[in-house]
Amino acid sequence: MSLWSLALANVWSLRRRLVGLIVLVSAAVAVCLGAFAITGQAQSVTTNDVRESTANRSLTIDRPEEGSGNPLLTARSVKELGRLPRVESVQYRLQASFGLVTADGNGPLLYATTYRSALPPPVVKSVRKDLFPLREGEVVLPSRSQGFDLGAYLGEKVTATTTRFVREGEGTGVDEPVTVAGIYDATWQLDNPDAAYAADATVVKWAAARSGQPAKNYLDTVGYDQLTVVAQRESDVPELLRQVQDRHYTATTLRQVLHALPGILELIRVAGQALLAVLGVLAFVGTVTVTGALARQRAQEVGVLKAVGFRTRFVLGLLVAEMSLVAAVAAVLGVVLGVGLAGAGAAGLRTLPEVRPYVEQALPLPSVSVLVSLAAATVVVVAAGALAPARRAARMSPTQAMKDW
Amino acid sequence: MSALLEARGVSKAYPFRGRSVDILSGVDFSARAGQLTAIVGHSGTGKSTLLHILGLLTTPDLGGVVVDGTDTAGLGDGRLADLRREKLGFVFQSYNLLPQHSALRNTLIPSVRRGKEAQDRARLLLERVGLGERVDHRPAQLSGGEQQRVALARALVNDPPVILADEPTGNLDGESERRLLALLLELAREGRAVVVVTHNPAVSEAADRVYRIADGRMQGPDEQRAEGPDERRAAGPDEQRAAGPRLRKEDSR
Ligand SMILES: Nc1ncnc2c1ncn2[C@@H]1O[C@H](COP(=O)(O)OP(=O)(O)OP(=O)(O)O)[C@@H](O)[C@H]1O
Ligand SMILES: [Mg+2]
């Protein structure tokens, strides 16, 4: 008989004794896969939405220090930078502080912030589907800020207290009603944690009022807080950075800013990796033990196979092939279980608002490369675990193995 | 007459409590095509040891074994395994079937053929040993005698020129014993060298030659049959092996 058909026949007839190993290995695969699928999806959500698409291709330019002589970030700068080669877009950000007052009393001090399509915040709840661009008088609040839980105010009218310039060093508060049109995940740190998004006109109005400048030409006289220059390709970034700095803008790349996943997902990811190691070792040790025990029980069989003319290599190959088949079955089972586990895990995580945007797909499917490498790793680990005991068994002389007389 | 299997000056000792115990010393042996050769002797005299040496399962301390013209001295494990597979069919004293597999698969396992051809041959052999109805039974579901016959079918699956059987009639009743003996003789008459270790007088009487082991020494062989070259039996149509001589039974001693 050929090696694989005999291995298959053996695995089938020994299936009851192999169940334990299959359960162990498939559980290991399932848990790892579940963790990988969930965190993989979350990672790809952040990656796709932000990292790869724009943030990694972006430069940010901050408003110059007063008296530094560096150019202001005006509407003209936006045009000038937009004309540089290999620039995809130039986006601006303006912030103006305001105090939030709700029906429950004074809330946190927030920064009204203009929305940049290249760096959209992860919106958790909103009053309508296409939230951006915001209308005048609308704000999008962080889910939490300065100890205040703001998620509950969705759709409600609140008051924004802004400052109007009176004279140098003195201002007066002005109350203005605004509507909470959306809530975003407060772990989003790109525009600082206290950012509240508002329509451009609203932010300009508040910023101008605060500085005592007319809103009409505020963007030419004072300018934006920050510009984001998005290059066409990530590889264009260094050259673009040089050109922007040549024009005396204080530019930095955004790349390093965005690495963090929400804490719980980071935890799952680290746990998944730790589990992978632990379970890998477990699967290996399990295989060594099971193969060793089976090989001892089957020494007679090994002897018989050698006695009827199989070479040592064949017997070794047979024992390893059997375990590889077991591993393959366990891997398939583990993948099915793992997808189920990931689905259940994602459903559980969706109940946590800050994690929700990252696990929105119904079934987080791990990427093909993860699947294939995990399955391959399973087979390799199990086969490697089987090797030493199998070699010991296969090397025995037939008579020694059989103890025939 | 050609010796298909030959042992020359074979010695074997086993270590026991720090001492070396000689089991076989300087044993010569040969088995010829077309003959049933018996090895007899008291229990513990080394019959199984010799058969295992002849079957290339154990290496002798001294001396060598020649199988179908191939001197096995100094051959590597792999080559020895190949010879076992192609030239030797071994029927063990305790059958040594694989417990998890059916009679059919047990027969099939050493087969060098593949697929349907192998299946057909295995079925044919099981029918020949009278187990056509038991092909799907596992060893635990077979009697000792039936397991013995599965072991014989397995030994025949690659149609080896040499068959070695250790106490093949050990667990059989009179009728089964007679049938097995007839089968062994038939296999010999088809041109194989059939070697049996036996305590059974019926077997040694039916054998063409008998070796006796006592005190580690070999006596014999006793030729029990006159060779009648004019009484050759033609080989069967499916067994094209050179037919051995047909032998007339003379008075047993
Ligand atoms: N591995 C071994 N180590 C030590 N002694 C052994 C070993 N194998 C066999 N012997 C000894 O060799 C002797 C011959 O054993 P063997 O099995 O060849 O006898 P036998 O003639 O086949 O006996 P039986 O007719 O009872 O089957 C015995 O005394 C046995 O104790
Ligand atoms: Mg014996």
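Can you give the Rg to Rh ratio for segment A:55-258, taking only C-alpha atoms and Rh from Kirkwood? Dividing the radius of gyration by the Kirkwood radius yields 0.98.
Chain B packed on chain A takes about 2200 Å² of accessible surface away from a 1.4 Å probe, both sides summed.
Assuming charge only on the beta carbon of Lys and Arg (+1) and of Asp and Glu (-1), the dipole of segment B:3-251 about its Cα centre is about 560 debye to the nearest 20. Centroid-to-centroid, using Cα positions, segment A:116-188 and segment B:133-168 are 87 Å apart. Largest GNM mean-square fluctuation across A:Leu150, A:Leu352, A:Leu333, computed for chain A with C-alpha springs under 10 Å, falls on A:Leu352. Going from the isolated chain to the complete set of protein chains, segment A:271-319 loses at least 10 Å² of heavy-atom accessible area (1.4 Å probe) at A:Gln300, A:Glu301, A:Val304, A:Leu305, A:Lys306, A:Ala307, A:Val308, A:Gly309, A:Phe310, A:Arg311, A:Thr312. Placing unit charges on each Cβ (+1 for Lys and Arg, -1 for Asp and Glu) gives the protein assembly as shown a dipole about its Cα centre, and among B:Leu5, A:Trp12, B:Ala81 the Cα reaching farthest toward its positive end belongs to B:Leu5. When both bridge partners sit in the protein assembly as shown, DSSP labels roughly 70% of those beta bridges antiparallel. Over chain A, with every protein chain in place, what whole percent of the accessible area is carbon and sulfur at 1.4 Å, could you tell me? Ligands and nucleic acids excluded, carbon and sulfur reach 59 percent. Length, then width, then depth: along the principal axes, the Cα atoms of segment B:25-95 run 33, 27, 24 Å. For segment B:102-130, a decrease in accessible area of 40 Å² or greater in the assembled protein chains relative to the isolated chain, with a 1.4 Å probe, applies to B:Arg105, B:Ile109, B:Arg114. Exposure here means at most 10 other Cβ atoms within 10 Å; with GluC sites (Glu not before Pro) in a DSSP loop as sites, the longest stretch of chain B lacking them is B:1-132.
Working note: Cα gyration tensor of segment B:3-251, eigenvalues times five, square-rooted, sorted largest first, giving semi-axes of 27, 22, 19 Å. Per the Debye formula on identical point scatterers at the alpha carbon atoms of the protein assembly as shown, with no solvent, log10 I(q)/I(0) at q = 0.10, 0.12 Å⁻¹ is -0.93, -1.17. Taking every DSSP bridge with both residues inside segment A:140-217, close to 80 percent are antiparallel. Extension gain for B:Asp222-B:Ser11 works out to 73.8 nm (0.36 nm per residue, less the C-alpha to C-alpha distance). The apolar share of the surface of segment B:126-191, taken as the fraction of accessible area on carbon and sulfur atoms (1.4 Å probe, ligands and nucleic acids excluded), comes to 40 percent. Shown for segment A:1-31: residues covered by the partner protein chains by 50 Å² or more of accessible area relative to the chain by itself (probe radius 1.4 Å), namely A:Met1. Toward the positive end of the charge dipole of chain B, about the Cα centre and with charges on Cβ (Lys, Arg +1; Asp, Glu -1), which of B:Val162, B:Ser30, B:Leu104 goes farthest? Working it through, the farthest residue towards the positive pole turns out to be B:Leu104.
A DSSP coil position with no more than 13 other Cβ atoms inside 10 Å describes the following trypsin sites (Lys or Arg not before Pro) in segment B:1-94: B:Arg17. Using the 1.4 Å probe convention, the accessible area of segment B:3-251 works out to 43 Å² per residue with neighbouring protein chains retained. Note that chain A presents 46 Å² accessible area per residue, ligands and nucleic acids not counted, probe 1.4 Å. When its C-alpha radius of gyration is set against 2.2 N^0.38 Å (N residues), segment B:65-154 gives a value of 1.18.
The values are calculated or read from the model by the stated rules, or taken from the named source; none is laboratory data. These figures come from a predicted structure and were not determined experimentally. A quick note on method: Cβ atoms are made from the backbone with ideal geometry, for glycine too, and the neighbour counts reach across all protein chains shown. Just so you know, the surface numbers come from the protein's heavy atoms only, side chains and all, with ligands and any DNA or RNA stripped out. Shrake-Rupley method; radii C 1.70, N 1.55, O 1.52, S 1.80 Å.
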